Amino acid sequence: MFTVNGNKVKIEEHLTISGYLASAGIDPSLVVVEYNHQIPDRQEWPNIHIQNGDNLEIVKFIGGG
């Protein structure tokens, strides 16, 4: 299990940040991801494997005026 925005999520084998975003239907160009209290570069997302106990915070950009 890992945590996404405060919610527990069952971990899939070999799941990366990019893989999680894709499986959740989240457009990676519209979010910032904090991974274990650090903000990795987007280019690193396909190489970061989520482990049990990890924490993700996903912040979506919302337009407005």
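The numbers here are math on the coordinates, done by the rules we state, and not lab data. Since this is a predicted model, take the numbers as computed values, not measurements. All Cβ positions, even for glycine, are placed from backbone atoms using ideal geometry, and neighbour counts span all protein chains on display.
So here's what we get for this one:
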| quantity | calculated |
| --- | --- |
| Those residues of the range 31-47 which are in contact with a strand residue (DSSP E or B) (Cβ under 6 Å, 6 or more places away or on another chain) and among the hydrophobic types (A, V, I, L, M, F, W, C), in sequence order | 31, 32, 33 |
| Complete set of residues in the range 1-17 that are in contact (Cβ under 8 Å) with a residue 40 or more places away in the chain and hydroxyl-bearing (Ser, Thr, Tyr) | 3 |
| Candidates 46, 40, filtered to the one that is in contact with a helix residue (DSSP H, G or I) (Cβ under 7 Å, 6 or more places away or on another chain), of a type outside the set (Phe, Trp, Tyr) and on the phi < 0 side of the Ramachandran plot | 46 |
